[in-house]
Structure formats: C-alpha cells, structure tokens
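Asks: Once you've had a glance at the structure underneath, I'll fire off some questions.
The values are calculated or read from the model by the stated rules, or taken from the named source; none is laboratory data. Remember, predicted model here, so these are calculated numbers, not experimental data. FYI the Cβ positions are ideal-geometry reconstructions off the backbone, even for glycines, and counts take in every protein chain you see. The accessibility values were calculated without ligands, DNA or RNA, using every heavy atom of the protein model including side chains. Shrake-Rupley method; radii C 1.70, N 1.55, O 1.52, S 1.80 Å.
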Amino acid sequence: MNRGTWSNRIRIGMAAALVVIGASGIALAQAQALRGKVAVDGSSTVYPVTEAAAAAFRKDFPNVNVTVAISGTGGGFKRFVTGETDISDASRPITPKEFSLAKENGIRFIEIPVALDGLTIVLNPQNDWVENLTVEQLYAIYAEDGKARKWSDLNPAWPNQPIKVYSPGSDSGTFDYFREVVIPKGKSFRSDMSTSEDDNVLVTGVTGDKYSIGYFGASYYFENKSKLKAAPIVNPKDGKAYLPNPEDVVNGNYAPFSRPLFIYVNLKSLQRPEVRKFVEFYSENAAQFAQQVKYDPVPASVAAIAKDFLKGRRTGSTYVTKEGEKRDGGLPAVYKAENLHDTQ
C-alpha cells in the first residue's frame with residue numbers, strides 16, 4: 001500500500017474522530033446549558049426511586065436543581081393540586097377529592113406508574129414467636145376497637161407483653177393504603193400509635209423495642225434488613241404466607257400488600273425544558289431506578305402505556321371515574337387508555 005493511500009486513511013480516520021468528538025462536545029455543551037429547577041414532593045415510599053432518578057440526572061445535567069422533598073403522599077398532593085410543585089410522588093392513586101381540587105385549580109397532570117412495592121410489616125429481629133400474620137390479626141393490633149394490645153392476645157403462647165405500634169402518619173399514602181386493606185370503613189386506627197411521615201424514624205422505633213411492630217415500603221425494609229424482620233403475610237385467597245419478595249409482589253401472591261407507586265406530573269411544568277428532560281429521563285429509566293432501590297419494575301406493557309401517555313401528553317387518572325369514584329382492580333387491569341379521565 002503506498003504512502004498516499006495511508007495518508008488518505010489517516011485523514012479520513014482523523015475526520016471521523018473529530019466528528020465524534022464534536023458531536024459529544026455539542027451534547028455536553030447542551031447538557032451544561034440546560035438550567036432551572038424541578039420541584040418534587042410527596043411520598044417517602046416513592047422518594048428513593050425519585051431521588052435515584054434525580055441523582056443520575058444531576059450527573060448528566062449538573063446545572064438543573066432537582067429537589068425531592070418528603071411530606072407524605074397527601075402532603076405532596078396538597079401542594080401539587082395548587083400548582084406549587086412540578087411533580088408529586090405518590091404511593092397510592094390520587095383520591096377523588098384531590099382529583100376535584102386539581103380540576104378546580106386548572107391543574108392537568110400525567111399519571112405515571114414508576115414501580116411496584118410490597119408494603120412490608122416489620123418486627124424487631126428479636127421477635128422469635130411470630131411465624132406469619134393475617135389481615136385479621138393486623139386489624140386486631142391496629143384498630144381502635146381491636147382486641148390485641150398484648151402479643152398474648154393474639155396467641156396465648158406468645159409473650160404477655162404490650163405491643164408497641166408504629167405507623168406512618170395520616171398524610172402518608174402508605175397509611176392510606178394500609179387503612180384501605182386492613183381497617184374497614186367506619187373504623188379507625190388506635191389512638192396510641194407512634195406515627196411519623198419519615199420512615200427512618202419508624203425503622204429506629206421498631207429496632208429499639210423487642211415487642212414492636214410497624215409497616216412501610218419494601219425499600220426501607222431491604223435497606224435495613226439487618227436490623228428488622230419482615231412478617232410473612234397470609235394471602236386471604238390461598239391461605240399461604242408470603243414475604244415481599246420481587247416475584248411474589250409482581251405476581252400478586254403478596255396480597256393484599258402489593259401496590260403500584262406513581263409520579264404525577266403537572267402538564268404546565270412540562271413546558272419548561274428542564275422538567276420535560278427530567279421526566280423523560282425518569283420515565284425511560286424507571287425500571288433501572290426501581291431495581292436500584294429494591295423495588296420492582298412495573299410490567300413492560302404498563303411501562304409502554306405510561307411512555308405513550310407522556311409522549312402524547314395524555315392527562316388524567318386511570319383510577320378515578322368522571323364522577324370522582326375510585327375504580328376497582330389492580331395496576332395492569334386498570335392502567336389503560338380507555339380508563340383515563342381528565343381534569344378538564
């Protein structure tokens with residue numbers, strides 16, 4: 001091969017390299033040029049997923065300030081439906097009342113499931129008497145008119161010691177979900193519970209008392225697995241006890257405590273490039289972030305619909321009818337385009 005041929009190849013190679021460097025340089029410049037703020041608030045259960053997304057996003061877009069606060073699902077929605085935040089983390093679907101308030105205030109939103117969670121009933125690791133718990137036993141422990149104030153009230157062979165009860169606060173979506181599946185309508189939680197919107201406070205409480213019980217999202221359990229013991233829960237349908245393992249959360253065996261986790265995105269906020277970029281980034285990589293913090297990805301079919309809703313700016317909730325009544329059914333069954341009802 002003559003020198004001219006080699007020279008031509010070198011020049012072509014150098015030109016190609018410069019094109020690649022130039023393209024990456026342009027992308028880097030564009031990433032650094034993106035500026036602004038993204039305000040997120042809401043569920044402590046969804047917080048780990050959203051914070052994982054925010055941390056990854058900050059690496060690529062260092063001049064965008066994504067703040068992720070925790071005030072509970074209810075607290076987050078209070079701010080969101082008045083237009084105070086761009087995104088609301090939620091460990092339950094929006095309620096009819098919150099939906100109506102959003103409509104009154106002209107807030108249109110996109111509902112995006114980002115993960116599946118197994119709400120976990122946790123015990124102190126020194127608890128060596130509980131093999132599993134039923135929903136009825138949880139009612140006896142947590143309800144105001146429940147009959148279990150000592151462990152021996154549930155089983156005479158168990159310790160004759162008071163049960164120290166921990167729970168998320170009333171602004172928490174986890175509190176709402178637990179109430180929905182454990183405490184019947186017209187009944188109330190016991191008044192002497194120790195409550196907090198911060199799941200880390202609940203972890204500290206349960207780890208500090210041998211005779212305690214609490215509940216929160218699976219991520220906080222797995223994060224503190226060396227300090228806590230998860231109680232297997234008896235599925236009311238098949239009578240078998242399950243832990244919040246990924247396969248049993250996804251297939252619904254971990255019933256009734258398998259649930260979807262959401263972000264709600266203000267449509268007006270999406271007009272701002274920094275919010276739009278963050279939400280697209282979050283949605284595209286939600287499965288990765290869910291697994292990173294020990295949650296489970298939503299089914300691929302549901303993720304595809306969510307991306308479709310985002311791309312087409314399809315606003316509203318699949319969980320609330322036009323009359324403001326919540327629908328029945330699980331995430332895959334309910335999350336369909338034909339079930340979408342807007343706040344227009």
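Residue-by-condition table, conditions (1) of a type in the set (Ser, Thr, Tyr); (2) open to solvent by less than 10 Å² (accessible area, probe 1.4 Å); (3) closer than 25 Å to residue 203 by Cβ; (4) more than 12 Å from the chain's Cα centre (by Cα):
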{"site": "49", "(1), (2), (3), (4)": "no, yes, yes, no"}
{"site": "65", "(1), (2), (3), (4)": "no, no, no, yes"}
{"site": "109", "(1), (2), (3), (4)": "no, yes, no, yes"}
{"site": "128", "(1), (2), (3), (4)": "no, no, yes, yes"}
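Asks: Sticking with this one: Look at segment 79-100 and say how many of its residues are out of contact with any Ser or Thr (no Cβ under 8 Å at 6 or more places or on another chain) and assigned to a helix (DSSP H, G or I).
Replies: Here the count works out to 4.
Asks: Ok, one more. Among the residues of segment 132-180, count how many are at pLDDT 95 or above, under 30 Å from residue 69 (Cα atoms) and either of a type in the set (S, T, N, Q) or open to solvent by 10 Å² or more (accessible area, probe 1.4 Å) (or both).
Replies: 3
Asks: Considering each residue of segment 206-221, count those that are under 17 Å from residue 130 (Cβ atoms) and in a helix (DSSP H, G or I), and give that number.
Replies: The number of residues fulfilling the criteria is 3.
Asks: Something else: Any residue in segment 181-194 that is assigned to a helix (DSSP H, G or I) and open to solvent by less than 60 Å² (accessible area, probe 1.4 Å)?
Replies: Yes, there is a match, as at least one residue in segment 181-194 is assigned to a helix (DSSP H, G or I) and open to solvent by less than 60 Å² (accessible area, probe 1.4 Å).
Asks: Would you point out the residue of segment 197-223, among those that are polar (S, T, N, Q) and over 21 Å from residue 173 (Cα atoms), that is surrounded by the most Cβ atoms within 10 Å (Cβ to Cβ)?
Replies: Per the stated criteria, the residue is 212.
Asks: Got at least one residue in segment 219-240 being touching a Gly at 6+ places or on another chain (Cβ under 7 Å) and of a type outside the set (S, T, N, Q)?
Replies: no
Asks: Does residue 56 satisfy the condition of being closer than 21 Å to residue 298 by Cβ and surrounded by fewer than 21 Cβ atoms within 10 Å (Cβ to Cβ)?
Replies: yes
Asks: May I pose another question? Across segment 303-344, which residue is least open to solvent (accessible area, probe 1.4 Å) among those that are of a type in the set (Asp, Glu) and at pLDDT 80 or above?
Replies: So the residue we want is 342.
Asks: How many residues, within segment 222-234, are in a loop (DSSP other than H, G, I, E, B), more than 22 Å from the chain's Cα centre (by Cα) and closer than 13 Å to residue 134 by Cα?
Replies: 0
Asks: Based on what the data block shows, is residue 70 assigned to a loop (DSSP other than H, G, I, E, B), of a type in the set (A, V, I, L, M, F, W, C) and open to solvent by 20 Å² or more (accessible area, probe 1.4 Å)?
Replies: yes
Asks: Then there is this: Against the definition (open to solvent by 40 Å² or more (accessible area, probe 1.4 Å), closer than 29 Å to residue 281 by Cα, among the charged types (D, E, K, R) and within 19 Å of the chain's Cα centre (by Cα)), how does residue 92 come out, yes or no?
Replies: Considered against the rule, which asks whether it is open to solvent by 40 Å² or more (accessible area, probe 1.4 Å), closer than 29 Å to residue 281 by Cα, among the charged types (D, E, K, R) and within 19 Å of the chain's Cα centre (by Cα), residue 92 comes out as no.
Asks: Could you tell me which of the residues 241, 300, 287, 255 is among the hydrophobic types (A, V, I, L, M, F, W, C), modelled with pLDDT under 95 and open to solvent by 30 Å² or more (accessible area, probe 1.4 Å)?
Replies: That would be 300, the only listed residue that is among the hydrophobic types (A, V, I, L, M, F, W, C), modelled with pLDDT under 95 and open to solvent by 30 Å² or more (accessible area, probe 1.4 Å).
Asks: Do the conditions hold for residue 117, that is, is it closer than 29 Å to residue 214 by Cβ, of a type in the set (Asp, Glu) and in contact with a strand residue (DSSP E or B) (Cβ under 6 Å, 6 or more places away or on another chain)?
Replies: It is true that residue 117 is closer than 29 Å to residue 214 by Cβ, of a type in the set (Asp, Glu) and in contact with a strand residue (DSSP E or B) (Cβ under 6 Å, 6 or more places away or on another chain).
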